[in-house]
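Asker: The structure that follows is given in the form of C-alpha cells.
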Amino acid sequence: MIGVLVSGSGSNLQALLDAGLPVVAVASSRKDAFALERARRAGVATATFSLDCHPVREERDLVMATWLEEHGVELVVLAGYMQILTPPFLDRFPERIVNVHPSLLPAFPGAHAIDDALAAGVDTTGVTVHYVDEGVDTGPVIVQEPVPVEPAATLEERIHAVEHRLLPSVVEELCAR
Ligand code: GRF
C-alpha cells in the first residue's frame, strides 16, 4: 500500500490515483495544498504535518512516518513534496521511498529545475524517478526519460505529461516486487 507526500497541486498524485494504484494515505507539508482536495475526493485519508506545528524537523518526520505506518503504508511516493526528509523518516522505509523530479538528474536538482534548464540553454532535459536519501534530489536513479527543450513554450506541459506516465509505471512495478 502506498503513501504519497505532497506540498502543491498534486497532479502527480492524481496520476497515481487515476492509474488505480493502492494509495491509502496522503500527507502534506502545507494545509492549503490542492493535492489534499484531490485525495479527499478520492476517499483517501489525509493529514498535514507542517513545520508550524512541528518545528523540529526530525520530530515532524517521526510523527508523519508513524501516521503512514498506521495506515499500512509500505511504499512512500514523493509527488511534489518540497521538503527534505530526515533519518527518523528515511530509516522507517529503507529503499521504499521514491521521488519524481523534472530534470535528468544530477542536472538541475532543486525546486526550479525546468527554469534552470531553460536558463542553461540545454537542448534536452527530462524526468527522473529516483530513490530518496537525505540530499536534495540525490538518491539512486530508477528511471529517466529525456524531453527536448524546444518548443520551450510547451516544455513544462510536456515534462508533466512524461511525469504523469513515468511515475505510475515505476510505482506499479515497485508495488509488484
Ligand atoms: C512536479 O514537477 C515534480 O516533478 C516536482 O514538483 C512538481 C509537482 O507537481 N517535484 P504536482 O504537485 O504533482 O502537480
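Every number here is computed from the coordinates shown, using simple stated rules; none is lab data. The shown structure was predicted, so the numbers you read here are calculated from the model rather than taken from an experiment. When we count neighbours, we look across all protein chains shown, and the Cβ atoms used for this are built from the backbone with ideal geometry, even at glycine.
Asker: Once both axes come from the Cα atoms, what is the angle between helix 57-70 and the longest principal axis of the chain, in degrees from 0 to 90, rounded to 10?
Answerer: 70 degrees
Asker: Related question: Based on the Cα gyration tensor of the chain, what are the three equivalent ellipsoid semi-axes, each the root of five times an eigenvalue, rounded to whole Å and given largest first?
Answerer: 26, 17, 16
Asker: Report the local net charge at Leu51: Lys and Arg +1, Asp and Glu -1, summed over other residues whose C-beta lies under 9 Å from its C-beta.
Answerer: Values: positive: Arg57, Arg60; negative: Asp52.
Residues close to Leu51 contribute a combined charge of +1.
Asker: Further question on the same structure: Relative to the compact-globule scaling 2.2 N^0.38 Å, provide the ratio for the alpha-carbon radius of gyration of segment 97-177. Don't jump to the answer; show the numbers that get you there.
Answerer: On the way: Rg = 12.4 Å, N = 81, 2.2 N^0.38 = 11.7 Å.
Normalised Cα radius of gyration, segment 97-177: 1.07.
Asker: Return the long-range amide H neighbours of Gly10 (sequence gap of 5 or more, or a different chain), with a cut-off of under 5 Å between placed amide H atoms.
Answerer: Ala35
Asker: Specify the angular offset, from 0 to 90 degrees and rounded to the nearest 10, of the alpha carbon long axis of helix 155-176 from the longest principal axis of the alpha carbons in the chain.
Answerer: Between helix and principal axis, roughly 50 degrees.
Asker: Given the options Gly121, Gly139, Gly20, which has the most mean-square fluctuation in a GNM of the chain, springs set between C-alpha atoms less than 10 angstrom apart?
Answerer: Highest fluctuation of the listed residues: Gly121.
Asker: So what is the 222 nm mean residue ellipticity for the chain from helices alone, if each DSSP H run of at least 4 adds -39500 (n - 2.57) and you divide by all residues, rounding to the nearest 500 deg cm²/dmol?
Answerer: -11000 deg cm²/dmol
Asker: Using unit Cβ charges (K, R positive; D, E negative) and no other charged atoms, how large, in debye to the nearest 20, is the dipole of segment 104-159 about its Cα centre?
Answerer: On the way: 1 positive and 10 negative charges, 19 e Å.
Its charge dipole is roughly 100 debye.
Asker: Please list 3J(HN,Hα) in residue order for segment 128-145, calculated via the Karplus relation 6.51 cos²θ - 1.76 cosθ + 1.60 where θ = phi - 60°; whole Hz, with x for glycine and proline.
Answerer: Per residue, the Karplus-derived 3J(HN,Hα) values read 10, 10, 9, 6, 9, 10, 6, x, 8, 6, 10, x, x, 6, 9, 7, 9, 9 Hz.
Asker: I want to verify a result. In a Gaussian network model of the chain, Cα cutoff 10 Å, which of these has the top mean-square fluctuation: Arg60, Arg41, Arg165?
Answerer: Arg41
Asker: What number, in percent, do you get for the relative contact order of segment 33-173 if the mean sequence gap of Cα pairs under 8 Å and at least 6 apart is divided by its residue count?
Answerer: Values: 180 pairs, mean separation 24.8, N = 141.
After rounding, I find 18 percent.
Asker: Where does the charge balance sit around Leu17 when Lys and Arg score +1, Asp and Glu -1, over other residues with C-beta under 10 Å from its C-beta?
Answerer: On the way: positive: Arg38, Arg41; negative: Asp18.
Around Leu17, the surrounding residues sum to +1.
Asker: Quick one: net charge of Ser29's neighbours, Cβ under 12 Å, K/R +1, D/E -1? Could you put the intermediate results ahead of the total?
Answerer: Numbers: positive: Arg30, Lys31, Arg57, Arg60; negative: Asp32, Asp52, Asp61.
In short, +1.
Asker: Given Cα positions, please report Rg to Rh for segment 15-62, the hydrodynamic radius being the Kirkwood one.
Answerer: 1.04
Asker: Taking 1 over the mean of 1/r across every pair of different Cα atoms in segment 1-81, what Kirkwood radius in Å do you get?
Answerer: Numbers: mean 1/r = 0.0814 Å⁻¹.
Every distinct Cα pair counted, the radius reaches 12.3 Å.
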